[in-house]
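Undergrad: Please find one structure pasted underneath; my questions will follow.
The values are calculated or read from the model by the stated rules, or taken from the named source; none is laboratory data. Because the structure is a prediction, the values reported are computed rather than measured. Counting neighbours? That spans all protein chains shown, and the Cβs are built from the backbone with ideal geometry, glycine included. Side chains included, ligands, DNA and RNA excluded: accessible areas come from the protein's heavy atoms. Shrake-Rupley method; radii C 1.70, N 1.55, O 1.52, S 1.80 Å.
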Amino acid sequence: MIASIRGKLIFLGVDHAVIETGGVGFHIFAPRPVLSSLGEIGSEVLLYTYLHIREDALQLYGFANPDQRHLFESLLSVSMIGPKVALSLLSSGTTDELRMAIATGDTARLSRVPGIGKKTAERLVLELKGKIDIKGLPAPGAATPALAAANAEVAEMLVSLGFSAAEAAQAINSLPADAPEDPAERLRLALRYFGGA
């Protein structure tokens, strides 16, 4: 297995990057937060990788750290979850948030991810709930119910504006800790993530 790749970033796409090392360019699919953190074309980058083998293709998937790669592998172990859906899940928030959603059975949050319906979210929780390590994660009640409701409302507004659920989740995750609970104000701040305000 190719466990990691360090090299020069020569291309950055919507769902993948091309990293050149030793004169070879590797096409590596990655979650959006990982892609957005790679930096400028020409910079040296390091990705922890997973090689997915199919009958008709060999595909590399890249991650910011071994923990993220391990979570990707855990997601692939669930029937009905393929690499594309696993990447969507990892693009929908931080690994801690995703692990907490699975561990607490938050199927509503999981089913908002593109490619995940209610049944798939339930299967994900059923198959992984006891296997996900949540030591050191913030308590599920850390966000107040009012804040959670405001975030859900902002997510719906962003989706209605044409953003994907994953993009909405990333924008909400980018909000400062001291952002007001008012949904309109949170929406205004979230739009800054996209350069819209």
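Undergrad: With the requirement that a residue be among the aliphatic types (A, V, I, L, M) and either surrounded by 14 or more Cβ atoms within 10 Å (Cβ to Cβ) or closer than 24 Å to Ser37 by Cβ (or both), what does segment 149-159 give you?
TA: Listed by number, the residues that qualify are Ala150, Ala152, Val154, Ala155, Met157, Leu158, Val159.
Undergrad: Condition check: at pLDDT 90 or above and open to solvent by 20 Å² or more (accessible area, probe 1.4 Å). Does Arg109 satisfy that?
TA: no
Undergrad: What residue, of Ile102, Ile81, Ile53, is under 23 Å from Glu156 (Cβ atoms) and among the β-branched types (Val, Ile, Thr)?
TA: Ile102
Undergrad: Filter segment 188-197 down to the residues that are part of a helix (DSSP H, G or I) and more than 23 Å from Ser88 (Cα to Cα), then identify the one that is least open to solvent (accessible area, probe 1.4 Å).
TA: Leu189
Undergrad: List pairs: first in segment 106-117 and at positive phi, second assigned to a helix (DSSP H, G or I) and buried (at least 17 other Cβ atoms within 10 Å of the Cβ), Cβ under 6 Å, 6+ apart or cross-chain?
TA: Gly115/Val85; Gly115/Ser88
Undergrad: Here is a further query. State which residue pairs qualify: first residue acidic (Asp, Glu) and inside segment 78-97, second residue surrounded by 15 or more Cβ atoms within 10 Å (Cβ to Cβ) in any location, beta carbons under 8 Å apart, and separation of 6 or more residues or different chains.
TA: Asp96/Leu137; Glu97/Asn173
Undergrad: Within segment 60-70, identify whether any single residue is more than 26 Å from Glu153 (Cα to Cα), modelled with pLDDT of 95 or more, among the aromatic types (Phe, Trp, Tyr) and open to solvent by 40 Å² or more (accessible area, probe 1.4 Å), and answer yes or no.
TA: No, the conditions are met nowhere in segment 60-70.
Undergrad: Of all residues in segment 160-187, which are surrounded by fewer than 15 Cβ atoms within 10 Å (Cβ to Cβ) and free of Cβ contacts under 8 Å to residues at least 12 places away in the same chain?
TA: Selection gives Ser160, Leu161, Gly162, Ala177, Asp178, Pro180, Ala184, Glu185.
Undergrad: I would also like to ask the following. Might you let me know whether segment 75-89 holds any residue that is small (Gly, Ala, Ser) and outside any loop (DSSP other than H, G, I, E, B)?
TA: The answer is yes, given that some residue of segment 75-89 is small (Gly, Ala, Ser) and outside any loop (DSSP other than H, G, I, E, B).
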